[in-house]
Each structure stands twice: as structure tokens, then as C-alpha cells.
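Report on the following structure.
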Amino acid sequence: MSQAEKVNGISAQQVAAYLSDNVDFFVEYPELTAELSIPHQQRGSVSLVELQAEQLRSQLHQQRQELAALIRNADNNEQLFQIYAQLLQRLYTCETLTEVEEALQACFKGQLALANVCVQLFVKHTDYADFKHHALIDKRFKHSDFFFGRLSQNETKQIFNDVSVESCALMLIGDKKALGLFAVGSDSATHFHPEMDTLFLLQLKQLLEQVLARILVRPES
């Protein structure tokens with residue numbers, strides 16, 4: 001330990017521990033704050049009061065930024081909720097498979113402005129489930145009816161026929177039997193990722209299965 005780190009048998013660590021345990025020390029001895037000189041990377045030496053004031057300003061700026069981010073996030077969530085509520089209401093009144101597809105397209109590709117939306121209903125094209133998408137379903141839906149993230153180039157072409165889709169959300173429609181596949185693509189590689197919450201899509205999946213079950217009772221006109 002150097003001479004600067006230990007004076008009169010008292011180490012710098014002991015001084016630091018004492019000040020940490022006695023946070024009112026400089027309140028009782030305010031005259032010391034004017035005598036202290038603290039190194040500053042940009043401005044040389046500054047007083048303790050100046051350093052504390054700068055730290056407080058920095059903390060306040062950071063807190064304001066965090067508050068603004070929370071407000072923006074709340075506004076985005078409210079907007080998303082309104083769009084999603086309108087979609088669910090529209091789906092509930094759909095009478096044909098075509099109307100279901102149009103409602104999904106209008107919401108995700110129109111209002112949410114995502115790069116690509118693909119609705120493939122096996123109930124309209126029964127060969128999809130058995131041939132075209134069999135391997136993909138086995139690979140991507142082993143543990144869940146949802147997939148978020150990036151696909152291989154072949155899988156992307158298979159679903160979207162568009163290699164510009166960098167990440168996507170996939171949802172398998174159907175409970176005991178696969179009725180279809182709903183896919184939403186983004187041109188951002190990080191837009192959809194495996195940690196995403198499934199709450200909204202789970203509600204959409206449940207409603208779609210109810211609507212499709214009702215529609216399939218009668219043939220589409």
C-alpha cells in the first residue's frame with residue numbers, strides 16, 4: 001500500500017467505508033466540500049459540489065429519457081391494442097374464408113405496415129399440410145404453435161415467395177388438426193425474435209380457429 005493510500009494508519013478503504021456509513025458527514029462539515037478537489041477527465045479538477053451537481057444533472061437527463069421511452073412504449077401499446085381490437089371484431093363477423101384473409105391482410109400489411117403477410121389455409125388447399133409444409137411444420141412447431149425469428153432461405157421462399165423477408169412470426173392454426181398457417185414477415189432481421197410474447201397472437205389463434213370452424217360448416221359461396 002502506497003503512502004498516498006495510507007496516512008496515520010488509516011487506509012483509503014477505511015475512509016471510503018466511513019463516508020459510506022455516514023452519509024451526512026459533509027452536511028455536518030460543509031466547509032470541507034469547498035476544499036476538496038476531484039479530478040475530472042474533461043475539465044481538470046473540480047469541486048465536490050460541482051461534481052455532485054453534474055452527476056445529478058446527468059441522472060435527471062437519463063431519467064427523463066427513460067420516462068419519455070416509457071410514454072412512447074405506452075402510446076405504441078395503446079395504438080396496437082386498438083388496431084388489434086378492430087381486427088378481432090372484424091374477424092368475428094367474417095362469413096367466408098376470403099373475408100378472413102382480407103381482414104388479416106388489411107390489419108398486418110395495411111395498418112401495421114409489415115413487409116409481407118401470408119395466409120395459407122389448408123382447408124382451402126388440402127395438399128399444403130401433407131406435402132408443401134409438412135417438413136416445415138415438423139421442424140418449426142415441435143414445442144409450440146408459434147415461431148418467431150429467421151427462417152432458412154428455402155423456407156422463406158416456400159412461405160413468402162420473397163427473399164426480402166428477414167424475420168417472421170409464424171402461427172399454426174388448428175387444435176387437433178392443422179387448418180392453416182399464418183405468417184407475418186418483416187424486412188428487419190430483429191423485428192421478430194424468439195423472446196417475443198405470444199399473448200396477442202394466442203388470442204388471434206383462438207378466434208381464428210372458432211371462426212374457421214363456423215365457416216367450414218357450410219361451403220364458401
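The values are calculated or read from the model by the stated rules, or taken from the named source; none is laboratory data. The model shown is predicted, which means the values in this text are computed figures rather than measured ones. Every residue, glycine as well, gets a Cβ built from its backbone with ideal geometry; the counts of neighbours run over all protein chains shown.
Observations
- In the stretch 85-102, the residues that are closer than 17 Å to Gln203 by Cα reach residues that are surrounded by fewer than 18 Cβ atoms within 10 Å (Cβ to Cβ) with C-beta atoms within less than 6 angstrom, at least six apart or across chains, in these pairs: Leu88/Leu207; Leu91/Leu207.
- Total residues in the stretch 108-158 satisfying the condition of being assigned to a helix (DSSP H, G or I), modelled with pLDDT under 85 and not polar (S, T, N, Q): the figure is 15.
Conditions (1) modelled with pLDDT of 85 or more; (2) exposed (fewer than 15 other Cβ atoms within 10 Å of the Cβ), marked per residue:
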position: Ala169; (1), (2): yes, no
position: Lys177; (1), (2): no, yes
position: Gly180; (1), (2): no, no
position: Thr190; (1), (2): yes, yes
position: Pro219; (1), (2): no, yes
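- Some residue of the stretch 51-64 being outside any helix (DSSP H, G or I) and modelled with pLDDT of 70 or more: no
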